[in-house]
Structure formats: C-alpha cells, structure tokens
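Trainee: After the structure tokens below, expect a handful of questions from me.
Every number here is computed from the coordinates shown, using simple stated rules; none is lab data. All values derive from a computational prediction rather than experimental measurement. Here the Cβ positions follow ideal geometry from the backbone for every residue, glycine too, while neighbour counts run over all protein chains shown.
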Amino acid sequence: MTVRAATVSSFAKINLDLRVLNKRPDGYHELRTIFQTVSLADIIALSFTPGPANAYTLDSAIDIPDNLITRAANLVLAATQATGALHIRLEKHIPMGGGLGGGSSNAAAILLALPVLTGHPIPLPQLLELASQLGSDVPFFLLGGTAVGLGRGAELYPAPEPPSHPALLVTPGLHVSTPDAYRALNRELTDVPPSRIINSFQALAWQTGERERGGSWEAVNDFEAVVFPQHPQLEAIKGKLHRSGPNLALMSGSGSTLFAIYAEAAQRDRAAATVGSELGSERIHKVTLISRTEYRSTWWQQLREHILDQQWPPRSRYSK
Ligand code: C5P
C-alpha cells in the first residue's frame, strides 16, 4: 500500500470580543465571543498507510501534556473503523497556554485531515460533535475565518469578515490557567444569561464586517478584569499597544497573549520594533487575519493530492 502524506498548517486564533455571561449547571460558562483565525501556525506532517493493523507514532520536539493530537486521532479512527499506520510530526510555533488555541487547532487539524487520508469521511455535524468532546475551542478550527461562538464556545455561526488586516501578537511567556480565570470571574450560577451583556455583544457583532480601514473597535474581553490585576505587566503591554495607534488592542482568550490590529502594515511594523526592543523579538509575532476563504483554500491546497473537489469539509478521493 502506498503512503498517503500531507503537511498542513494549524492556525492560531484570537478572540475579537469575549464576554462571559453566567456559570451553567454543567460547570461550563455561557459565552458570547467572536473567533478569528490568524496566520501564526504550527506545522503538522501526517502520513497514513492503510493496512489491517493500527500503528501510531507522534514525533514532537516538546512534550505535550494531555495530548489533543493523539486524542483526536483516536476519536477519528474509532468513529470510522479505519485501520493502518499513522505517523504524525508536530512542529510547534504557537506558544502553549497563551489564549491562542494552539492545542485546539492541532486537534481540529487531525479531525479535518485524517478522514481524507484514510478515505473514511465524517460529515460536518459529527466532526463538530467529536471536536466539542475534545474542547470548547476545537469546533471553531473546523471552520476558521471569523465566527460568532455561543454556549460554551462550541456553537458557531459565520460572522461578517473584517478586511485582511495586519496584526501583532505579543506572547509574554506567562501561563494563565483557564479554569482559574473562569473561577476568578465569580459569575452567578443561573440558566438565564444577563440580557444587558448580550445586547452590547450583539451591537458589536453586527459591526464586525462593516468597519472601514482606520475605524476603531469597541471590543471587550471580560477576562482582562481578573487577569490584569494578577499580572500587571499584561495591562502595561496593552497600554503600549494602544499607544501605537491600532484599531483594536485586547487580550486573547484567558490570556496571556495580547494582540493589536492595525489599518496599515507600516504601523504594525513600527509597533513590533518598539515593543520587540523592550520585551525581546521572540515575544512578538507579526501576523495577518485569515479569512474563511483563505482558511479553506489553504486546506484544499495542502490536501490537493488527496481530495476530490473544493467542498467543505474536504472530501477524500479514497472514499468508496
Ligand atoms: O472545554 P475546555 O476543555 O477547553 O475547557 C477548559 C476549562 O475551561 C473547563 O474545564 C472549564 O473550567 C473552563 N470553561 C468554562 N466555560 C467555557 C469553556 C471553558 O468554564 N465556556
């Protein structure tokens, strides 16, 4: 049997807005958020050789606790009953535990690529179900671009897409525990979310695709209120980003990454030079926003030898 190999980019995300409404009886929090893919990516090389027995190796320079790649691969193989030898190599570029969804993105990349390589398709509703078993942020990476996230963040709808702005990510090298950040918010346990926050979120979501270059965005990340007092250096970095003239500067997820979105690449590059000289250039990542169209075309290009046509999710040419 011939080896079926593909190398794919597993993109990071930022949250253009993030509101935590209330604690739910299931222990999760009810969210309203706008996810956005950005060009910073891990690289995942997969090779699958069909055969009667399963074999698996994961090759990575770093040790990944509670490895979502392995869990995603097991879920796909169990759901499809595909058998064969699977080798995965992970080249990590997205900082871990930084609010950029790196591990979630890696898991979704396996959910998208593996059914194509094995020739055992999984329809989108079932892929979304498997993704939400792996984590609240995983389903978003099955879709990419700009999306509104509801519920625990796993229920997604397409949002109007902003233009492909240049952006800067600052990763301070500080790990913020997501469960601790949720606990610190101390939200009320209820199944009736507060309509005041929902109304303010709606007003912002309707503007996402309408902003002209240069207009400023009145976005909110509720986690800033609990994470900044614990780590004042993050608020200081956000202040520096604000002074560099972006349309928007905000923390992503539960932190610690801060990002800024600019109208012009020259502005972004000047900010990168200033912040980089203070914090170290390894903490700075120049990126662009990745639209849903770009996300899909990148995937089709990466899997071109193995797919039938340009459908979403990608369709395998090996399916019977
Ligand atoms: O879903 P995921 O495993 O990524 O979530 C990690 C933790 O973050 C959860 O165990 C929970 O403590 C918290 N969380 C939450 N509400 C959400 C998403 C995550 O309370 N909507």
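Trainee: For the stretch 150-264, just say rounded, prolate or oblate: build the C-alpha gyration tensor, square-root its eigenvalues into a ≥ b ≥ c, call rounded for a/c under 1.5, and beyond that prolate if a/b exceeds b/c, oblate if not.
Mentor: Oblate is the answer for the stretch 150-264, as a/c is 1.5 or above yet b/c matches or exceeds a/b.
Trainee: I need the fraction of alpha carbon pairs in the chain separated by more than 34 Å, rounded to a whole percent.
Mentor: 23
Trainee: While we're on this one: So what is the relative contact order for the stretch 7-93, in percent, with contacts set as C-alpha pairs under 8 Å and at least six apart?
Mentor: Taking the mean separation of contacting Cα pairs over the length of the stretch 7-93, I get 34 percent.
Trainee: In addition: What's the exposure ranking of R243, R89, going from fewest to most Cβ atoms within 10 Å?
Mentor: Starting with the residue having the fewest Cβ neighbours, the order is R243, R89.
Trainee: If you don't mind, another one. Show which lysines lie in cross-link reach of K238 when reach means a straight Cα distance below 26 angstrom and same-chain residues fewer than eight apart are skipped.
Mentor: Qualifying lysines at Cα under 26 Å: K13, K92, K286.
Trainee: Just to be sure I understand the model, the point goes 7 Å from the Cα along the line to the Cβ. What's the resulting W300 to S319 distance in nm?
Mentor: 1.6
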